[in-house]
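Every number in this text was worked out from the coordinates using simple rules, so none of it is lab data. None of the values given here were measured: they were computed from a predicted structure. Neighbour counts are summed over all protein chains in view; Cβ atoms, including those assigned to glycine, are modelled from backbone coordinates with ideal geometry.
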Amino acid sequence: MATAEAENEVITTADGVPLKESLKKALWQRKKTALLLVAPLFLFVLITFLIPIFDMLIRSVDNSIAGEQFPRVVVEIRDWDLDSTELPDEATFQALIEDFKVGAEEKTISRLGRRLNYEKSGMSGLFRKTARKIEKLESPESATAAMIDIDKKWGNIETWRLIKRESGKFSSSYYLAAFDAEKNSDGSFSMKSEDQQVYISLFWRTIRLSFTITFLTIILGYPVAYLLSTVKTKTSNMLIILVLLPFWTSLLVRTSSWIALLQKEGVINDILVGIGILSDDNRLAMIHNEAGTVIAMTHILLPFMVLPLFSVMKTIPPSWVRAARSMGATPFTAFWRIYLPNTVAGIGAGGILVFILAIGYYITPALVGGTKGTLISNFIAYHISTSLNWGLAAALGTILLLLVLALYILYDKVVGINNMKLG
Amino acid sequence: MSDTPSLVRFVDIQKSYDGESLVVKNLNLDVAQGEFLTMLGPSGSGKTTCLMMLAGFEPATHGEIFLKDNPINKVPPHKRGIGMVFQNYALFPHMTVAENLAFPLQVRNMDKSEQKQRVDRALDMVQLGPFGDRRPAQLSGGQQQRVAVARSLVFDPDLVLMDEPLGALDKNLREQMQYEIKHISENLGLTVVYVTHDQSEALTMSNRIAVFDDGIIQQCAPPEVLYEEPENAFCANFIGENNRFLGKVSEDNGDTVKVDVDNDAGTVIAKKVNVGGVGERSTLSLRPERVTVNPEPGSLPNIFNGVAEELIYLGDHIRTRFTVLGHDDFIVKIPNSADHAHLEEGGTANIGWTAEDCRALDPSD
């Protein structure tokens with residue numbers, strides 16, 4: 001009984017305030033300080049990072065342009081059925097003319113044309129032509145006839161099906177395009193014909209090259225990190241400077257020097273031809289292809305592998321391997337069973353770092369990748385700055401983001417993220 | 001130790017790391033079968049280097065090490081069959097305790113049931129039976145230490161090396177582990193080479209202690225010999241507490257010498273141990289517990305007047321600091337017996353000692 005009472009009794013401080021409450025009060029002050037310290041960075045990240053990312057996510061499904069440019073058509077076409085074999089009614093064509101008049105005056109209607117052109121080529125031309133002619137059109141008897149008179153395509157049911165499909169506020173068409181799929185006229189999906197597929201194979205290539213690069217950095221970086229962790233501090237400090245040296249030269253300069261080294265008339269080919277290993281008409285193609293991307297990016301990302309490995313190896317006392325050796329393990333067994341398992345944290349950290357950097361890398365593949373060595377980020381950049389198809393760029397970017405997250409979660413499941421040591 | 005065969009022999013071993021100075025200078029040492037030998041010395045004295053050469057992690061620059069009469073300089077560590085306990089235990093953090101213990105058996109391709117049997121036996125030996133499934137990080141320092149000891153023994157090595165294995169433990173635990181390791185080694189009849197810089201640890205555990213300084217074995221003897229009969233000033237000073245006087249030999253009487261303490265403070269009659277002839281300098285060494293306070297006049301050859309500077313009550317004895325013969329750091333341990341001398345700080349007393357207890361040694365520094 002006595003213990004049961006004691007359990008129910010609330011522990012209080014000397015002046016009778018429950019202990020939990022006064023502790024909370026005491027800790028609140030500390031929390032407030034912590035929040036204030038974090039606040040500036042949090043705001044910065046929110047404005048420059050989180051909001052743009054959210055905006056990008058929205059943009060990949062956003063289709064508000066239909067509502068903006070075709071406010072009346074979007075309303076009228078609601079009653080029209082996709083399966084219908086007849087053109088929409090006269091009221092819809094009336095709305096079309098009115099929307100076009102407004103849009104042509106404000107010179108914004110061509111945007112919608114460009115948007116619809118992503119789905120079906122010829123739409124952009126149709127919209128420009130219609131916008132030009134619509135001004136001269138004055139209250140015709142039949143809006144339908146007048147529009148078909150401007151362009152026959154207004155009498156084509158496929159045009160209307162497209163407008164109907166893309167009349168919603170949101171659209172999945174960017175994602176479909178990003179997966180090399182398209183909507184059929186009846187609203188179902190199908191893959192594009194093989195010669196039009198671009199992005200799936202590009203995603204595969206990006207993942208494959210990123211894995212290759214990660215693997216190469218492990219193979220090349222592991223021995224270096226081991227050396228760094230075993231030599232005297234003075235020597236290792238100097239060697240670390242050498243490892244970091246690439247960081248101090250401009251990325252462009254480094255990438256360009258790879259071009260000088262690897263190209264057909266470059267240093268390496270010249271040497272190989274010079275010493276007779278290759279004949280002059282057999283020079284190796286080492287750049288402007290996948291090999292160029294892999295070589296240059298492995299070099300550039302190597303420090304990101306070496307440093308986490310080094311920091312983990314530094315914590316492994318030499319006595320572990322020695323203990324294993326004294327117990328009868330051969331050098332290889334001691335390495336494989338004792339040393340390597342304890343560096344998994346470093347391999348994981350370096351691997352994730354390099355992989356995530358590689359999968360979104362842009363400059364190097366753009367310069368040395370040619371057509372076969374470019375990665376998904378190069379296409380995202382293309383759609384942002386050249387084709388101006390921001391929706392597709394956003395969809396590709398979102399897929400890339402989800403891909404990285406998925407691999408991160410996979411890593412967590414397999415290796416455990418808590419095992420990761422970055423320094 | 002000549003009646004038992006030596007298991008390990010160091011012959012003319014020299015070791016240099018930088019090619020400029022020798023860390024180990026001409027080491028000759030035999031370790032007998034079943035012996036517990038401790039290498040004792042300050043840091044940088046070369047004791048750990050010797051251990052590493054024996055284990056095979058450092059090559060000897062010159063000389064040869066024999067294990068069971070086979071030269072082992074060219075034998076890699078994993079073929080030497082030597083168990084080793086490291087300073088910070090060197091337990092493998094990614095394996096459980098049982099896996100740690102099984103490791104040396106696995107690399108020997110022992111069959112599973114035999115492995116399990118041996119691991120269980122080793123765990124029982126160090127009273128860690130129920131801890132087999134834990135990770136080393138989940139054990140206390142003392143428990144990790146026991147695992148390290150068990151792991152070094154589980155494959156029945158000919159020889160076990162221990163490199164300051166108790167350095168990371170607190171005092172009580174360290175003492176307890178000293179006894180535990182000593183008992184295990186006695187029960188199993190192990191040959192142990194133990195490295196430490198803690199002299200009380202060396203005295204507690206060893207059959208024989210090799211005192212290292214400056215790359216040289218200063219003295220290699222059983223604990224009681226080392227303590228009672230140090231051969232040079234370094235050993236006298238390094239092992240146990242020690243009162244020192246520096247002076248010059250003024251008379252050589254064969255077994256004893258007369259030494260004039262510096263600054264004309266007085267003349268002491270001492271046992272001639274390690275000192276040159278008349279006119280040579282010498283260090284006199286005297287244990288604090290061998291000093292008599294207020295002896296009968298004439299009963300001892302050395303009686304001097306001293307001033308008690310400081311008294312520290314330690315229960316079983318009273319540690320008293322005197323100024324004697326111009327030295328103000330002369331320590332006397334007065335046993336807390338029924339009729340012990342009662343002194344006061346600042347008071348004077350006669351203190352004396354025999355010539356036998358005062359050893360005339362080499363003039364160190």
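Treating only the Cβ atoms of Lys and Arg (+1) and Asp and Glu (-1) as charged, compute the dipole magnitude of the protein assembly as shown about its Cα centre; round to the nearest 20 debye.
Its charge dipole is roughly 3300 debye.
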> Summing -39500 (n - 2.57) over the DSSP H runs of n ≥ 4 in chain B and dividing by its residue number, what mean residue ellipticity at 222 nm do you reach, to the nearest 500 deg cm²/dmol?
Replying inline: -7000 deg cm²/dmol
> Near the amide H of B:Ile318, under 5 Å away, which other amide H atoms are found, from residues 5 or more places off or on another chain, if H is placed in the peptide plane?
Replying inline: B:Ile334, B:Asn336
> Per residue of chain A, what 222 nm ellipticity follows from adding -39500 (n - 2.57) for every DSSP H run with n ≥ 4, rounded to the nearest 500?
Replying inline: -21000 deg cm²/dmol
> Excluding same-chain residues fewer than 8 positions from A:Lys183, which lysines have a Cα within less than 24 Å of its Cα?
Replying inline: A:Lys120, A:Lys152, A:Lys153, A:Lys164, A:Lys169, A:Lys192
>> How long are the semi-axes of the equivalent ellipsoid of chain A, taking √(5λ) for every eigenvalue λ of the Cα gyration tensor, in whole Å from largest down?
In response: 56, 39, 19
>> What is the angle, in °, between the Cα long axis of helix B:141-153 and the longest principal axis of the Cα atoms in chain B? Nearest 10 is fine, range 0 to 90.
In response: 70 degrees
> Volume per residue, Å³, of the convex hull around the alpha-carbon atoms of the protein assembly as shown?
Replying inline: 360 Å³
>> Given R₀ = 41 Å, what would the calculated FRET efficiency be for B:Asn28 paired with B:Tyr179, taking r from the Cβ atoms and rounding to 0.05?
In response: 0.85
>> Given contacts defined as C-alpha pairs under 8 Å and at least six residues apart, what's the relative contact order of chain A, whole-number percent?
In response: 16 percent
> Given +1 on the Cβ of Lys and Arg, -1 on the Cβ of Asp and Glu, and no further charges, what dipole in debye does region A:199-419 carry about its Cα centre, rounded to the nearest 20?
Replying inline: 740 debye
> Can you tell which of A:Ile277, A:Pro303, A:Tyr199 lies farthest toward the positive end of the dipole of region A:199-419, using +1 and -1 charges on the Cβ of basic and acidic side chains (Lys, Arg; Asp, Glu)?
Replying inline: A:Pro303
>> Among the complete DSSP H segments of chain A, which ones combine at least 30 Å of alpha-carbon extent along their axis with a mean Kyte-Doolittle hydropathy of 1.6 or more?
In response: A:390-414
> What residues have an amide H closer than 5 Å to that of B:Gly266, excluding those fewer than 5 places away on the same chain, when H is modeled at 1.01 Å from N in the peptide plane?
Replying inline: B:Val261
>> Between A:Leu50 and A:Leu23, what is the label-point separation in nm under the 7 Å Cα-to-beta-carbon projection?
In response: 2.9 nm
> Which of rounded, prolate, oblate describes region A:199-419, given a ≥ b ≥ c as roots of the alpha-carbon gyration tensor eigenvalues and a/c under 1.5 marking rounded, otherwise prolate only if a/b is larger than b/c?
Replying inline: oblate
> Relative to the longest principal Cα axis of chain B, at what angle does helix B:112-125 sit, 0 to 90 degrees, rounded to 10?
Replying inline: 20 degrees
> What's the exposure ranking of B:Val273, B:Val75, A:Val312, going from fewest to most Cβ atoms within 10 Å?
Replying inline: B:Val75, B:Val273, A:Val312
> Counting only residues 5 or more places away or on other chains, whose amide H sits under 5 Å from the amide H of B:Glu309 once H atoms are built in the peptide plane?
Replying inline: B:Arg321, B:Phe322, B:Thr323, B:Gly346
>> Counting only trypsin sites (Lys or Arg not before Pro) that sit in a DSSP loop (anything but H, G, I, E, B) with at most 14 other Cβ atoms within 10 Å, what is the longest stretch of chain A containing none of them?
In response: A:265-371
> Counting Lys +1, Arg +1, Asp -1, Glu -1, what net charge surrounds B:Leu311 among other residues with beta carbon under 15 Å of its beta carbon?
Replying inline: -4
> Which residue, A:Gly373, A:Gly16, A:Gly276, tops the fluctuation ranking in a GNM of chain A built on C-alpha contacts under 10 Å?
Replying inline: A:Gly16
>> Using DSSP to call loops (not H, G, I, E or B), can you name the GluC sites (Glu not before Pro) in region A:129-208 whose Cβ has at most 13 other Cβ atoms within 10 angstrom?
In response: A:Glu135, A:Glu138, A:Glu141
> Going by the alpha-carbon gyration tensor, a ≥ b ≥ c the square roots of its eigenvalues, is region B:58-182 rounded (a/c under 1.5) or, if a/c is not under 1.5, prolate (a/b greater than b/c) versus oblate?
Replying inline: oblate
> How do B:Asp158, B:Asp213, B:Asp111 rank when sorted from fewest to most other Cβ atoms within 10 Å of their own Cβ?
Replying inline: B:Asp111, B:Asp158, B:Asp213
> Local charge sum around B:Gly56 (other residues, Cβ-Cβ under 10 Å, Lys/Arg +1, Asp/Glu -1)?
Replying inline: +4
> Of A:Lys107/A:Lys129; B:Lys15/B:Lys74; B:Lys271/B:Lys333; B:Lys47/B:Lys79; A:Lys101/A:Lys136; A:Lys232/A:Lys314, which sit over 18 Å apart, Cα to Cα?
Replying inline: B:Lys271/B:Lys333; B:Lys47/B:Lys79
> Cα gyration tensor of region A:226-274, axes a ≥ b ≥ c as square roots of the eigenvalues: rounded (a/c below 1.5), prolate (a/b > b/c) or oblate?
Replying inline: oblate
> So for the protein assembly as shown: antiparallel DSSP bridges make up what percent, rounded to the nearest 5?
Replying inline: 75 percent
> How far is helix B:171-188 tilted, in degrees, relative to the longest principal axis of the Cα atoms in chain B, given as a value from 0 to 90 rounded to the nearest 10?
Replying inline: 60 degrees
> What is the distance in Å between the Cα centres of region B:111-187 and region A:83-115?
Replying inline: 87 Å
> Where Rh is the Kirkwood radius over the Cα pairs of region A:65-171, the temperature 25 °C and the viscosity 0.890 mPa s, what D in µm²/s does Stokes-Einstein return?
Replying inline: 181 µm²/s
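Starting with the fewest neighbours, write out A:Thr398, A:Thr12 ranked by other beta-carbon atoms found within 10 Å of each beta-carbon.
Placing the least packed residue first, the sequence is A:Thr12, A:Thr398.
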> Considering only the other residues whose Cβ falls under 12 Å of the Cβ of A:Asp79, what net charge follows from Lys and Arg at +1 and Asp and Glu at -1?
Replying inline: -1
>> Rounded to the nearest 5, what % of DSSP beta bridges with both residues in chain B are antiparallel?
In response: 75 percent
> Each residue of region B:210-225 in turn: what ³J(HN,Hα) in whole Hz from Karplus with 6.51, -1.76, 1.60 and θ = phi - 60°, glycine and Pro shown as x?
Replying inline: 9, 8, 9, 8, 6, x, 10, 6, 6, 7, 10, 7, x, x, 5, 5
